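Reading through the structure tokens given below for one structure.
Read-outs: derived from the displayed coordinates by stated rules, not from any lab. Keep in mind the model is a prediction, meaning the values are calculated, not measured. Reconstructed Cβ throughout: ideal geometry from the backbone, glycine too, with neighbour counts over all protein chains shown.
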Amino acid sequence: SQTIHQWPATLVQPVGSPLSLECTVEGTSNPNLYWYRQAAGRGLQLLFYSVGIGQISSEVPQNLSASRPQDRQFILSSKKLLLSDSGFYLCACGQASGNTIYFGEGSWLTVV
Amino acid sequence: KQEVTQIPAALSVPEGENLVLNCSFTDSAIYNLQWFRQDPGKGLTSLLLIQSSQREQTSGRLNASLDKSSGRSTLYIAASQPGDSATYLCAVRPAGFQKLVFGTGTRLLVSP
């Protein structure tokens, strides 16, 4: 079965600082990968998804970016964090031909 | 644009009750619909997945139904237990897309 690792689990960063959240997947190959954000009191918002190495689709214009340097590695980055970037970030994976999407345990980001 | 709504936003019931959570979506062109459970501060766990051609799926005390033409799904939980307390999220995969669109969830509290 698929296992998703996310780190760091918790992060407190000052406004204007950079960000790097990393996600790696085990137990599958050539997965679709996703970054979701869950802000307080709101639903899950899809930020980015990737169907292959170097292929990134952005769903929401923002100061975040994503990269997929390897088949099972997905990175969420920012050059300068905003207060509004605070939230719970979830990495997920699934197969193009499959159905279920699996989620990691999430990364809590607080921008102060 | 697909939109997913969940009612109620919160629900509090005594242990042993049968309950129904509702999910509605605006575009009936979906590939599948999935119900997830999220414990506080944690990632999502998939509960049930219903393909667009199916009417319902069952797993233990859980039963999910799908009426694609009316844009509705229900999650039925039988004989609720305190351990069922969590947020339940409904998500649809639009036809032709490799992503999920989530509702804002129903927060369930089952009291002993």
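Starting from one equal scatterer on each C-alpha and no solvent at all, send me the Debye-based log10 I(q)/I(0) for the protein assembly as shown at q = 0.09, 0.11, 0.13, 0.14 Å⁻¹, two decimals. One equal scatterer on each Cα of the protein assembly as shown leads to -0.37, -0.55, -0.76, -0.88. Backbone phi angles across the stretch B:66-74, fed through the Karplus curve with coefficients 6.51, -1.76 and 1.60 (θ = phi - 60°), yield HN-Hα couplings of 9, 10, 5, 5, 9, x, 9, 9, 10 Hz in residue order; Gly and Pro are listed as x. Applying the Karplus relation 6.51 cos²θ - 1.76 cosθ + 1.60 with θ = phi - 60° to the stretch A:65-76 yields 3J(HN,Hα) values of 9, 9, 9, 10, x, 9, 4, 10, 10, 9, 10, 10 Hz, where x marks Gly and Pro. Sequence-distant contacts, meaning Cα pairs under 8 Å at least 6 residues apart, place the relative contact order of the stretch B:3-85 at 33 percent. Mind running the shape call on chain B? Use the C-alpha gyration tensor, a ≥ b ≥ c as the square roots of the eigenvalues: rounded below 1.5 for a/c, prolate if a/b tops b/c, oblate otherwise. Cα axes put chain B in the prolate bin. Left without a cysteine partner by the 4.7 Å Cβ rule in the protein assembly as shown: A:93.
Once you reduce the stretch A:62-112 and the stretch B:54-111 to the center of their Cα atoms, the two points are 24 Å from each other. Lysine pair count for the protein assembly as shown with Cα-Cα distance under 23 Å and sequence separation of 8 or more or different chains is 4. Across the stretch A:27-34, computed HN-Hα scalar couplings (Karplus, 6.51 cos²θ - 1.76 cosθ + 1.60, θ = phi - 60°) run x, 7, 10, 6, x, 7, 10, 9 Hz from first to last residue, x flagging Gly and Pro.
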